[in-house]
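Visitor: Input: one structure, supplied below.
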Amino acid sequence: MLVLGIETSCDETACAVVSDAADPARRIVSHSLFSQLREHAPYGGVVPEIASRAHIEHLDGLIAECLDHAGLKLADLDAIAATAGPGLIGGVMVGLMTAKTLAYAANRPLIAVNHLEGHALSVRLSDDVPFPYLLLLVSGGHCQFLVVEDVGRYRRLGTTIDDAAGEAFDKTAKLLGLGYPGGPAIERLAKQGNASRFDLPKPLKGRPGCDFSFSGLKTAVRLALEGCEPEVTEQDKADLAASFQRTVMEVILDRAKNAIAAFDASHGAQGKHFVVAGGVAANRALRDGLVALAQRSGMVFTAPPMNLCTDNGAMIAWAGIERFRRGMIDDLEAPARARWPLDAAAAAPGARA
Ligand code: KG4
Ligand code: ZN
């Protein structure tokens, strides 16, 4: 089985052809990615209108290149999958409309994939992790714990009540003048800094539950920077980056401890796997902390390889394969959605944040 996956929900234009080969190492047949970093860098963040236009400009060429590298034609594909949300609506529409057109032209089924499901299942593409598992999804737009029970069956244990962790990295990087995206830049600078110099607040740490809050941290970083004036040295910045990263890690590990306990109580008899996915999962310090925590808690830790952590086409193609296998296909009316929670019940108005 061969599925084309298209990802355009944020600032990466990406596509991939993925197969259902038994050996995970042989599944990604070909993949292409255009990162719009340079387009957005002058603005210190993603500009939705610029993103939509860049997707339009690059997607056709990337798909052609991807099929070409694989030596495939449209007719060789079994299905076409695309991110249908959540994300920046202009970009989502570009990818989904392209997928609908290809599906119609080639007379193949369309699979409308939830971007978060793409992240959630990426570890099954790389490592065949069995259901159910506990997932920490940490990206620029999301920060949540989910129990992944099956394809299409997710239970949210906790989420951020304000900013996502990646957003906190990006905003802090902007304050430090490090440019966009902030995560990798902060991680690099933190290596030269003293992580215990600044005592930043750790929102919700020690409280019951698995929710997050990161917006206060950004203000604390700004105040700490102002405290270093009139002259903010490179060492000040490195110390602040290191202290910020340590604080975020401490909060995430504290919340993860509670999430593991909750997962263990409800699903411990069926599963022992703890998975992390999303762009922030590319952070080495976070991974190391989570590995140690999982070991102490008797869980098996798995993370997809770095290039599958940040947005990519292969995870969308793979989610397409998982859905296609179960007969879960969509018609050409499938809508593009700016918001699309994986656990609709938890995200309903009036539900706990
Ligand atoms: O999953 P992703 O590529 O896009 C979204 O769906 O949001 O995640 C992007 C986010 C950005 O906020 C970026 O700063 C963060 O992931 N990120 C990192 C690292 N690499 C990317 N954060 C911390 N450390 C990293 N090494
Ligand atoms: Zn993402």
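Visitor: Among the listed pairs Lys202/Lys272; Lys237/Lys272; Lys218/Lys272; Lys174/Lys202; Lys171/Lys257; Lys202/Lys237, which have their C-alpha atoms separated by more than 30 angstrom in this model? Write down the numbers at each step before the final one.
Guide: Values: Lys202/Lys272 28 Å; Lys237/Lys272 40 Å; Lys218/Lys272 35 Å; Lys174/Lys202 20 Å; Lys171/Lys257 26 Å; Lys202/Lys237 19 Å.
Checking Cα-Cα distances, Lys237/Lys272; Lys218/Lys272 exceed 30 Å.
Visitor: Using the Cβ atoms and a cut-off under 13 Å, what net charge is assigned to the surroundings of Leu253, where Lys and Arg are +1 and Asp and Glu are -1? Write down the numbers at each step before the final one.
Guide: Working: positive: Lys202, Lys205, Arg246, Arg255, Lys257, Arg287, Arg296; negative: Glu250, Asp254, Asp288.
Taking every Cβ under 13 Å from that of Leu253, the sum is +4.
Visitor: Quick one: order Leu33, Leu74 by neighbouring beta-carbon count within 10 Å, fewest to most.
Guide: On the way: Leu33 19, Leu74 16.
Ordered from fewest to most neighbouring Cβ atoms within 10 Å, Leu33, Leu74 come out as Leu74, Leu33.
Visitor: How high is the relative contact order of the chain, in percent, counting Cα pairs under 8 Å that sit 6 or more residues apart?
Guide: 24 percent
Visitor: Using just the helices of the chain, give the 222 nm mean residue ellipticity in deg cm²/dmol: DSSP H runs with n ≥ 4 each add -39,500 (n - 2.57), and the total is spread over all residues, rounded to 500.
Guide: Working: 12 runs with 159 residues, N = 353.
Theoretical 222 nm ellipticity from helices: -14500 deg cm²/dmol.
Visitor: State the antiparallel share, in %, of DSSP beta bridges confined to the stretch 130-303, rounding to the nearest 5.
Guide: Values: 12 of 21 bridges.
Around 55 percent of the beta bridges assigned by DSSP in the stretch 130-303 are antiparallel ones.
Visitor: Relative to the first principal axis of the alpha-carbon coordinates of the chain, what is the inclination of helix 284-296, with its axis defined by its Cα atoms, in degrees from 0 to 90 and to the nearest 10?
Guide: The angle comes out near 90 degrees.
Visitor: I've got another one for you. Between beta-carbons, use under 13 Å as the cut-off and find the net charge around Phe263, counting Lys and Arg +1, Asp and Glu -1.
Guide: Taking every other residue near Phe263 into account, the sum is +3.
Visitor: Another question, if that's okay. GluC sites (Glu not before Pro), restricted to the stretch 167-263: which are DSSP loop and have at most 10 other Cβ atoms within 10 Å? Before the final figure, lay out the partial values.
Guide: Details: sites: Glu167, Glu187, Glu226, Glu231, Glu234, Glu250; in loops: Glu231.
For GluC sites (Glu not before Pro) across the stretch 167-263 that sit outside H, G, I, E and B with at most 10 neighbouring Cβ atoms in 10 Å, the list reads Glu231.
Visitor: Right, next: Give the Rg/Rh ratio for the chain, taking Rg as the radius of gyration of the Cα atoms and Rh as the Kirkwood radius, to two decimals.
Guide: Values: Rg = 20.2 Å, Rh = 20.7 Å.
On the Cα set of the chain, Rg over Rh gives 0.98.
Visitor: Please compute the contact order of the stretch 130-303 in relative form: average sequence separation of alpha-carbon pairs under 8 Å and at least six residues apart, divided by the residue count, as a percent. Before the final figure, lay out each step's value.
Guide: On the way: 329 pairs, mean separation 47.3, N = 174.
RCO, the stretch 130-303: 27 percent.
Visitor: Using the basic label-point model (7 angstrom from Cα toward the beta carbon), what is the Asp60 to Met97 distance in nanometres?
Guide: Rounded to a tenth, the inter-label distance reads 1.2 nm.
Visitor: Considering the zone a paramagnetic label at Leu223 would reach in this model (a point 7 Å from Cα along the Cα-to-Cβ line), which residues of the stretch 239-283 have amide N under 16 Å from it?
Guide: Answer for this model: 244.
Visitor: On to the next question. Add +1 for every Lys or Arg and -1 for every Asp or Glu among the other residues with Cβ under 13 Å from the Cβ of Glu39, and state the total.
Guide: Values: positive: Arg38, Arg53; negative: Asp11, Glu12, Glu49, Glu57.
That works out to -2.
Visitor: Just to confirm the number: angle between the C-alpha axis of helix 89-106 and the first principal axis of the chain, 0 to 90 degrees, nearest 10?
Guide: Between the helix axis and the principal axis of the chain, the angle is about 20 degrees.
Visitor: Right, another one. Taking the 0 to 90 degree range and rounding to the nearest ten, how far is the long axis of helix 313-325 tilted relative to the main principal axis of the chain, both from C-alpha atoms?
Guide: 50 degrees
Visitor: Still on this model: Arrange the peptides 142-151, 332-341 so that the one whose residues have, on average, the most other Cβ atoms within 10 Å appears first.
Guide: Going from most to least packed, we get 142-151, 332-341.
Visitor: Tell me, how many Å apart are the Cα centres for the stretch 1-53 and for the stretch 205-233?
Guide: So the separation of the two Cα centres works out to 32 Å.
Visitor: Once you put a point 7 Å from the Cα of His69 and another 7 Å from the Cα of Asp331, both along the Cβ direction, what distance in nm separates them?
Guide: 3.6 nm
Visitor: How far is the Cα center of the stretch 285-349 from the Cα center of the stretch 149-188, in Å?
Guide: Taking the Cα centre of each part, the stretch 285-349 and the stretch 149-188 sit 15 Å apart.
Visitor: Order these peptides, 120-130, 4-14, by their mean beta-carbon neighbour count within 10 angstrom, highest first.
Guide: Highest mean packing first, the order is 4-14, 120-130.
Visitor: Under 10 Å, Cα contacts only: if you run a Gaussian network model on the chain, which one of Gly209, Gly87, Gly118 comes out with the highest mean-square fluctuation?
Guide: Of Gly209, Gly87, Gly118, the Gaussian network model singles out Gly209 as fluctuating most.
Visitor: Please list, or write none, the lysines whose alpha carbon is within less than 19 Å of the alpha carbon of Lys100, excluding same-chain residues fewer than 8 places away.
Guide: Result set, ordered by chain and number: Lys73.
Every number in this text was worked out from the coordinates using simple rules, so none of it is lab data. Remember, predicted model here, so these are calculated numbers, not experimental data. Cβ coordinates were reconstructed from backbone atoms using ideal geometry, including for glycine residues, and neighbour counts include every protein chain displayed.
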